[in-house]
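I have placed the structure first, in the form of structure tokens, so that the comments after it can refer back to it.
The values are calculated or read from the model by the stated rules, or taken from the named source; none is laboratory data. Here the structure is a predicted model, which means the values were calculated and not measured. For neighbour counting, all protein chains shown are included, and Cβ atoms are generated from backbone atoms with ideal geometry for every residue, glycine included. Protein only, heavy atoms only, side chains kept; ligands, DNA and RNA dropped before computing areas. Shrake-Rupley method; radii C 1.70, N 1.55, O 1.52, S 1.80 Å.
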Amino acid sequence: MKKVPLYIDGEFIQSQSDKWIDVTNPATQEVIAQVPCATQDEMKQAVESAQKAFLTWKEVAVSERARVMMRYQALLKEHHDEIAEILASETGKTFEDAKGDVWRGIEVVEHAANIPSLLMGETVENVARGIDTYSFTQPLGVCAGITPFNFPAMIPLWMFPLAIACGNTFILKPSEQDPLTPTRLVELFEQAGAPKGVLQVIHGAKDQVDFILDEPAVKAISFVGSVAVGQYIYRRGTENMKRVQAFAGAKNHCVIMPDANKSQVISNLVGASVGAAGQRCMAISVAVFVGAAKEWIPEIAAELAKVKPGGWDNKDAAYGPLISPQAKQRVENFITQGVKEGAELLVDGRNCEVEGFPNGNWVGPTMFSKVTTDMEIYKNEIFGPVLCATEVDSLDEALAMVNANPYGNGTSIFTASGAAARKYQHNVEVGQVGINIPIPVPLPFFSFTGWKGSFFGDLHAYGKQGVRFYSETKTITARWFESDIADVTGPNMTINLR
Ligand code: NAD
């Protein structure tokens, strides 16, 4: 049985833990590896190594830190397919979707390779006569990241490359449900020339997260995962006086105006609601039909019903299984609950079977209409391939519904009217808005800006905000006395600074 190693002090080591968690192929339930719950001693070693490495890494020239990221992005591209295969085998994502997961991470590494310009501070000459003020961006020390199962390449890559490019060292605690992908990412990071100790990986679950939350040497924590855990991590981390950014769950609405391009609406809604089996924090889970747009509901349901899940290497499969039997049960329970609550079940994904995979965690595409905001299927993040359709009479009503929802990760509007789009983008209380685009995940030169109950903290992931999260600003006010100027001793004949 493959045992997933820890990565401590620049070595891949087998944990001495007596507690191991099975990693399963969600299409078959076959156990493909076991992941350890790191011991207290192992985690302390990781912290000590990260603290020690920080002292030298923060002094490495910023252009050299950037070059590590350049080599890393080249290696990730070279191994793109291979990483995607590992990812697909442990998450069940289709190969193309797995490649997308890796690609969105590579883009963040490319961003991290721009670190010299991202770290530039501010300067004002003569803030008073003969006095200048300028600022530097300096690293924090040891940072840590706790990641979810649903993007095992992209989300670790949101975190450690930028943190390390800023001059920090980093401890990663990947999801225990799919740790093989992050392990491969870390092997390649070492190959890219990252010095010993700048990145550590500890595996496990709640106890290992609690260690990170309570360890005084950890200065900042990035978390991505579910709402309840995000709130817990934000509270306990900040109580321990750490900087915390916690990205949590969502309920993303797509508003469909009657003037929208119907065929675009149908294909985009289908992909955004059931793609990746709905296991995306930016999935569209609520469609809000404005006025006559509701007449398209039967056609959308018919298209949705045609979508077929399947094994990751089946080119015809639209999406894969849910991550675990528990996740499947939870989603099916919500579907049953929706029926009880009085929503109309137009497409029922329960008891889904996929030929050749009798034990997979399959849930077929599912669609409800006549969903109201008091129903549990509306109030909860289902995190499965389930689309809830609601109907309103006006854009104002749609806005009121979206703004009353406690989450604020993403939303989109489909319309041919610039005025309607402008009104929606301006007034909606959601951090990422798509206009005729269903899943508006910003590229890394912007930031991932979830709002309200989908994010706890101040500074968001990647972009300029990511750099600010992983650094401190030092502001210097300096005066030099002209009377101290010494005579020049001789010319420097080289191009070098000295
Ligand atoms: P999860 O909260 O169960 O797990 C996330 C991480 O927290 C894992 O590393 C896990 O080991 C750890 N963890 C789990 N329970 C814990 C506990 N009680 N105490 C401390 N740590 C704990 O999330 P998941 O199921 O892996 O991921 C799916 C969730 O992540 C969804 O809610 C999804 O919306 C959310 N998500 C959000 C974003 C975003 O950017 N907002 C992105 C991706 C996923």
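Brief remarks follow.
- Residues that are of a type in the set (A, V, I, L, M, F, W, C) and surrounded by 15 or more Cβ atoms within 10 Å (Cβ to Cβ) were ranked within the stretch 218-235; the one that is farthest from the ligand (Cβ to nearest atom) is 220.
- Of all residues in the stretch 449-470, those that are open to solvent by 30 Å² or more (accessible area, probe 1.4 Å), within 11 Å of the ligand (Cβ to nearest atom) and in contact with a Lys or Arg (Cβ under 9 Å, 6 or more places away or on another chain) total 1.
- Pairs with Cβ under 7 Å, 6+ apart, first in the stretch 470-484 and acidic (Asp, Glu), second surrounded by 10 or more Cβ atoms within 10 Å (Cβ to Cβ): 472/138; 472/140
- The set of residues in the stretch 48-70 being outside any helix (DSSP H, G or I) and without any contact (Cβ under 8 Å) to a residue 12 or more places away in the chain consists of 59, 61.
- When residues in the stretch 132-151 are screened for being away from the ligand (no atom under 16 Å from the Cβ), surrounded by fewer than 24 Cβ atoms within 10 Å (Cβ to Cβ) and on the phi < 0 side of the Ramachandran plot, 9 of them pass.
- Tabulated pairs, the stretch 278-297, first more than 16 Å from residue 430 (Cβ to Cβ), second surrounded by 23 or more Cβ atoms within 10 Å (Cβ to Cβ) and of a type in the set (Phe, Trp, Tyr), C-beta under 8 angstrom, 6+ apart or interchain: 278/383; 279/383; 296/289; 297/289
- Of the residues making up the stretch 260-299, those that are small (Gly, Ala, Ser) and over 23 Å from residue 419 (Cα atoms) are 267, 271, 272, 273, 275, 276, 277, 278, 283, 285.
- In the stretch 79-107, the residues that are open to solvent by less than 30 Å² (accessible area, probe 1.4 Å) and not in a helix (DSSP H, G or I): 92, 93, 94
- Some residue of the stretch 488-498 being hydroxyl-bearing (Ser, Thr, Tyr) and open to solvent by 60 Å² or more (accessible area, probe 1.4 Å): yes
- Filtered residues of the stretch 152-206 (kept if more than 16 Å from the ligand (Cβ to nearest atom), under 24 Å from residue 445 (Cβ atoms), crowded, with 24+ Cβ neighbours inside 10 Å and of a type outside the set (A, V, I, L, M)): 161, 166, 168, 189
- Some residue of the stretch 252-273 being within 11 Å of the ligand (Cβ to nearest atom) and touching a Lys or Arg at 6+ places or on another chain (Cβ under 8 Å): no
- Filtering 45, 73 for residues that are assigned to a helix (DSSP H, G or I) and touching an Asp or Glu at 6+ places or on another chain (Cβ under 6 Å) leaves a single hit, 73.
- Residues of the stretch 431-448 satisfying the condition of being open to solvent by less than 50 Å² (accessible area, probe 1.4 Å) and over 18 Å from residue 254 (Cα atoms): 444, 447, 448
- Check on residue 335, over 24 Å from residue 293 (Cα atoms) and open to solvent by less than 60 Å² (accessible area, probe 1.4 Å): yes
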